[in-house]
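Here is the structure we will look at, set down as structure tokens.
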Amino acid sequence: MKKLIYTIALFGLVVMTACSGDSPSSQPVPTVVPDEWAISSLAVSDPTPDIGATILVDAHVQKNGVDAPNGTSVEFLASGGQFVNGTTEATVSTVSGHAAVQFVAEASGNYLIQARVRAVTRQVTVTYRDPDTDEELVIDLPLVPNIGSFDGGETVFLRGSGVRSPVEVTFDVQGVLFPAAIVEILESDPLSAPGQIEVTTPLIAGIDRTVDQVADVIVKRGVGTASEQMITLHNAFTFLAGVEPPTAPVIYG
């Protein structure tokens, strides 16, 4: 009887082992890796355009480290101004990884432009300028001429850009201000264009005239207007000791 029981148990063990060997192994659950989207750059053709100027906004879009497939939709949003469709929102499809759209604003100020693809965003700021007020006053050095007599009365030309009437020119000698006489103004039109201020040097009195005196020249443009601006040209003119003013006007080219 014991032998029979042992035989049955052994047979059962063999059957279980055989069944275990025939059972298929469990398959691992595949891991889903989400696509990785990125806007590697958001560039504008001109970050500081004049009002009314159309610029191009370009987004470089990538998927999993390479250029996004053609036809990928990129949404552009702006805080003001308008895209080529006349609104502050535009959707553009990519070509070779790039999506580009035109943008324009008719008022000066900062405009925030955002590009979005899937849940990824990138922003850039464009500053529109009023060419009638925002162009900087620039005076080229040296002045022509940049030396003269303490007695004044000599013609000096200040040339540069951003020149607009009314204009004031002052010579600062040791902290004492001596206004120059304005002879003629050739305005910059537009302000980015060349301009010229012609002045007559002032009489320098109450200052030690036995030694040369170096003067700062203070220039104001658009005095009393929205485009008013002041710059100081340090050490731009020297009044020479012992130099007499010319007996006749000197014309400088």
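Quick note: the coordinates plus some simple rules give every number you see, no bench work behind them. Please read these numbers as outputs of a predicted model, since none were measured by experiment. Quick reminder, even Gly has a Cβ in these numbers, built from the backbone with ideal geometry, and neighbours come from all protein chains shown.
Between the stretch 167-246 and the stretch 93-160, what's the alpha-carbon centroid distance in Å?
26
Could I have the simple spin-label model distance between LEU141 and ASN64, label points 7 Å from Cα toward Cβ, reported in nm to one decimal?
6.0
Among residues other than GLN82 whose Cβ falls under 11 Å from its Cβ, what is the net charge (Lys/Arg +1, Asp/Glu -1)?
-2
If R0 is 51 Å, what FRET efficiency do you get for ASP208 and THR133 from their C-beta distance, rounded to 0.05?
For ASP208 and THR133, the calculated efficiency is 0.80.
At R0 = 51 Å, how high is the FRET efficiency between VAL183 and VAL32 if r is their beta carbon distance? Nearest 0.05 is fine.
0.05
Quick query: amide H of ASP134 versus all other amide H atoms, modeled in the peptide plane; which residues come in under 5 Å with a sequence gap of 5 or more or a different chain?
The list, which skips near neighbours in sequence, is empty: none.
Assuming a ≥ b ≥ c are the square roots of the Cα gyration tensor eigenvalues, decide whether the stretch 118-253 counts as rounded (a/c under 1.5), prolate (otherwise, with a/b larger than b/c) or oblate.
prolate
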